[in-house]
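The values are calculated or read from the model by the stated rules, or taken from the named source; none is laboratory data. None of the values given here were measured: they were computed from a predicted structure. Neighbour counts run over all protein chains shown; Cβ positions are idealised from the backbone, glycine included.
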Amino acid sequence: MVRTRIFFEKHGIYVFLFLIVLFSSLVSPAFLRPQNIVNILNPAAALGMVAIGQTFVILTGGGGLDLSVASVMATVAVIAAAHTGGQDSQLLPAAAICLFFGILIGLINGLLITKLRVPPIMATLGMMIILLGGRFLYTKGIAEGSYPPILRFLGTGFVGPIPTSVLSLAIMVVIATVVLKKTVFGRQVYATGANINTAILSGYNTDLILVMIYMISGLMASIAGLYIAGWIGVADNWVGQGYEVDSIAAVVMGGTSFEGGRGGVLGTMAGVLILVTIYNLVLLLHLPVQTQYMVKGAVIIIAASFYVRRGTR
Amino acid sequence: MKRLIVTLIIVGVCAGLTGILTVGEAGEVDWARSTLWNPYPQQMVETSKYKKAPPYTMAYCNASLSNAWAVVGVQTIKYVVHQNKDKIKDFLFTDAMDKPDKQIADMEDLMTKKVDFIVIRAITEAALDPIVTRAHAQGIPVVCFSRKVKSDNFVSFVAASNYTMGRAMAIWLAQYLKGKGNIVVLAGVAGAGSAEERWIGIQEALSLYPGIKVLQKEYTQYSISKGKTVMQAMIQSFGKKIDGVLSVGGSEALGAIEALQEAGMKVPITGEPFNGFMKRVQQHGFPALAVDFSPAMAGECVSLGLQVLQGISVPHYYQGKRFLIATHDTPDIKSDIAWKDATFPDRPDTFVFGYGLPPVEWLK
């Protein structure tokens, strides 16, 4: 009994994911079709990338979260379209600009939070709005340009039977897991989240750690922006809209505590898969929009309750 | 000190970014075509009490910039203001980011500044009604654009009928399919007047075609990515059973075409003249209808306002001019403009066609 309880406390979110997938495949014959799985996974990959960065941020505790990620994604998408003009030859310099941009925004967020002591929710909310205004200033409201074939390949192509975006996400998950679990930096992240005062007394430069965390979040949001742009294929000011909330939901459902110091990227990926599965299922079941919202909300609460049980015992 | 400098830099950057885009046709409002769809006697509003000498201060109290159509609307207003700079000395712009309480505060602010004329795109009919009524009572002429308030306490309401739009889309699709087939509906934003009114129009028209079956209707938030996601799921559910796609908006029609193209399906589709949608229809040879709900109506609000301030009577309900753009004519829906003439290959995908919009100048 105790073993069972411990198992569920540790792996409940994965059991929940399995049950959701099993239920979906039973109630909708279309769910397990290969093309439907691809349809789910392509946009899920971008959400997964953002959620990796969000996991790092939330792990540090202290109310840490990054609301600017969706705005970074959209801004990167319009920069990439404008700078590549649909030409593969321009992708590398444009991608470099985009990644630098994401890191820069993360740096500013980190400095606001550590040096000016602006609460993370306010700093990143403010940044989200500034980026929105800046994007309209840059595009004059209409995003120009188009995406090169390589970027479309990243968003919609395949390497063998595996979608390129999923393969990319898998590589990023491995890297992020190694960084968090096997490096000094990873241990510092968990230590900062668990108890920032203890981390300071242990000689950690927690301000530097927090700044780096927000830079990682900005970097991951910019990478996700490029992938989602490649998936949609249209330069738009609103690419990634809603990903800030979805990424936070995925992280928390996946067992990373808002209090910090507990959780990880694998749980977050389970949270991402639960979200995209339920978003797809309500469409396949042709549920009325009102019911769709209620089902989505209920699933998020139930999934999060698995984490709460784990965290309180 | 360091903290103060950093704060000042951030405030400076924010202030710079809020000074967005100032652009700005004059004068004459041609409402001949707009009267075509008014089934009732044209109700004119006597405006001599608002008459005053220029220059004027005018304001646009916007609901939000949450989609390309809204952005083009703002650009059009600014363009027309710019064209009338001899008459309009100041132009104030507020954006409520879809928050009714913010839009009420914006209206109060504009009234305190004693502007001569306000154009408002109200977030909701009910929430904005009291403040618009107060402005009306204070003698400030208010023109509602695209969305009106609950009462009739405004000088004029400039829009194009969403019911007509929905009917035109449904009639074209049903007639193109020769009255028989399965369709799916991409329905905009749940609860939004534009989406729900178009859906009512669609249902009215489809009742005349019992052979047309709606397989599924989904709200798609006027979003390209949501349009693609939903269309992909519909293709998985129904596959080749889908004979036509009725999209009430241009953004989701663009997303849907991406999904249809990836699935190797070519079925008739409706939408708005959203340039990316227009380009892909032309490029891939989809049969399509685009019904104009032109953001250029925003500019007509300015022209209408100038007439009000000159004491010239204006229509209480002003139906914006509207064009039907079709790749194929049907017995009751004939294209007003050739598809290629409403498609701009060198313009961005999110550019929205609108009569009266100068395709080059408006972006300056």
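So if I check each of A:I121, A:I129, which one is away from chain B (no Cβ under 14 Å) and among the β-branched types (V, I, T)?
When all the criteria are applied, what remains is A:I121.
Out of the residues in the range B:180-230 that are away from chain A (no Cβ under 13 Å) and hydroxyl-bearing (S, T, Y), state the one that is farthest from B:L65 (Cα to Cα).
It comes out as B:Y209.
Name the residues in the range A:181-211 that are in a helix (DSSP H, G or I) and either in contact with a Lys or Arg (Cβ under 8 Å, 6 or more places away or on another chain) or of a type in the set (F, W, Y) (or both), would you?
A:F185, A:Y190, A:G193, A:A194, A:D207
Can you spot a residue in the range A:61-73 that is within 12 Å of chain B (Cβ to nearest Cβ), part of a helix (DSSP H, G or I) and either basic (K, R) or crowded, with 18+ Cβ neighbours inside 10 Å (or both)?
Taking every residue of the range A:61-73 in turn, at least one turns out to be within 12 Å of chain B (Cβ to nearest Cβ), part of a helix (DSSP H, G or I) and either basic (K, R) or crowded, with 18+ Cβ neighbours inside 10 Å (or both).
Filter the range B:318-341 for residues that are part of a loop (DSSP other than H, G, I, E, B) and charged (D, E, K, R); which is farthest from B:A170 (Cα to Cα)? Please lay out each step first, then the result.
Filtering the range B:318-341 for residues part of a loop (DSSP other than H, G, I, E, B) gives B:320-323, B:327-338.
Subset that is charged (D, E, K, R): B:321-322, B:329, B:332, B:334, B:336.
Numbers: B:K321: 20, B:R322: 17, B:D329: 14, B:D332: 11, B:K334: 14, B:D336: 17 Å.
This residue is B:K321.
Filtering the range B:52-78 down to residues that are among the polar types (S, T, N, Q) and modelled with pLDDT of 90 or more, which residue is surrounded by the fewest Cβ atoms within 10 Å (Cβ to Cβ)?
The qualifying residue surrounded by the fewest Cβ atoms within 10 Å (Cβ to Cβ) is B:T57.
Kindly indicate which of A:V38, A:V57, A:V76 is within 19 Å of B:S225 (Cβ to Cβ) and more than 13 Å from every other protein chain (Cβ to nearest Cβ).
Numbers: A:V38 fails: more than 13 Å from every other protein chain (Cβ to nearest Cβ); A:V57 fails: within 19 Å of B:S225 (Cβ to Cβ).
After applying the criteria, what remains is A:V76.
Taking the range B:242-257 only, how many residues are crowded, with 24+ Cβ neighbours inside 10 Å and not in a strand (DSSP E or B)?
10
Can you name the number of the only condition in (1) in a helix (DSSP H, G or I); (2) buried (at least 20 other Cβ atoms within 10 Å of the Cβ); (3) within 14 Å of another protein chain (Cβ to nearest Cβ); (4) at pLDDT below 95 that A:G240 fails?
(1) is the only condition that A:G240 fails.
If A:T156 satisfies every condition in (1) surrounded by fewer than 16 Cβ atoms within 10 Å (Cβ to Cβ); (2) within 14 Å of chain B (Cβ to nearest Cβ); (3) under 17 Å from A:V234 (Cβ atoms) but one, which is the exception?
Result: A:T156 fails condition (1) only.
Working only within the range B:78-102, note down all residues that are within 12 Å of another protein chain (Cβ to nearest Cβ) and under 12 Å from B:V302 (Cα atoms).
Selection gives B:K78, B:Y79.
On the basis of being part of a loop (DSSP other than H, G, I, E, B), of a type in the set (K, R) and at positive phi, does B:K114 make the cut?
So B:K114 passes the test.
Tally up the residues in the range B:282-305 that are part of a helix (DSSP H, G or I), away from chain A (no Cβ under 14 Å) and either surrounded by fewer than 24 Cβ atoms within 10 Å (Cβ to Cβ) or of a type in the set (F, W, Y) (or both), please. Walk me through it before giving the result.
Residues of the range B:282-305 that are part of a helix (DSSP H, G or I), as a first pass: B:282-284, B:297-305.
Among the residues that remain, those that are also away from chain A (no Cβ under 14 Å) are: B:282, B:297, B:299-305.
Those left that are additionally either surrounded by fewer than 24 Cβ atoms within 10 Å (Cβ to Cβ) or of a type in the set (F, W, Y) (or both): B:282, B:303.
Count: 2.
Can you go through B:Q42, B:Q75 and tell me which one is within 14 Å of chain A (Cβ to nearest Cβ) and polar (S, T, N, Q)? Spell out the reasoning first.
Values: B:Q42 fails: within 14 Å of chain A (Cβ to nearest Cβ).
From the options B:Q42, B:Q75, the qualifying one is B:Q75.
Answer with yes or no whether A:T84 is modelled with pLDDT under 95 and either surrounded by 21 or more Cβ atoms within 10 Å (Cβ to Cβ) or within 14 Å of another protein chain (Cβ to nearest Cβ) (or both).
The answer is yes for A:T84.
If B:C144 passes every condition in (1) within 30 Å of B:L110 (Cα to Cα); (2) buried (at least 22 other Cβ atoms within 10 Å of the Cβ); (3) more than 19 Å from the chain's Cα centre (by Cα) but one, which one does it miss?
(3)
Within the group B:A190, B:A135, B:A174, which residue is touching a strand residue (DSSP E or B) at 6+ places or on another chain (Cβ under 9 Å) and assigned by TED's automatic domain parsing to the domain that holds B:G227? Full working, then the answer.
Working: B:A190 fails: touching a strand residue (DSSP E or B) at 6+ places or on another chain (Cβ under 9 Å); B:A135 fails: assigned by TED's automatic domain parsing to the domain that holds B:G227.
When all the criteria are applied, what remains is B:A174.
Looking for whichever is part of a helix (DSSP H, G or I), in the same structural domain as B:K99 (by TED's automatic domain parsing) and modelled with pLDDT of 90 or more here; the options are B:K49, B:K85. Which one fits?
Residue meeting the stated conditions: B:K49.
In the range B:223-235, is there at least one residue being at pLDDT below 95, on the phi < 0 side of the Ramachandran plot and outside any helix (DSSP H, G or I)?
yes
Quick one: A:K140 ticks every box in (1) of a type in the set (D, E, K, R); (2) in contact with an Asp or Glu (Cβ under 9 Å, 6 or more places away or on another chain); (3) closer than 27 Å to B:T76 by Cβ except a single one, so which number is it?
Looking at each condition in turn, A:K140 falls short on (2).
So if I check each of A:F23, A:F7, which one is of a type in the set (F, W, Y), surrounded by fewer than 24 Cβ atoms within 10 Å (Cβ to Cβ) and modelled with pLDDT of 90 or more?
Every option except A:F23 fails the conditions.
Just to be sure, is B:V143 of a type outside the set (F, W, Y), under 30 Å from B:Y50 (Cα atoms) and modelled with pLDDT of 95 or more?
Yes, satisfied.
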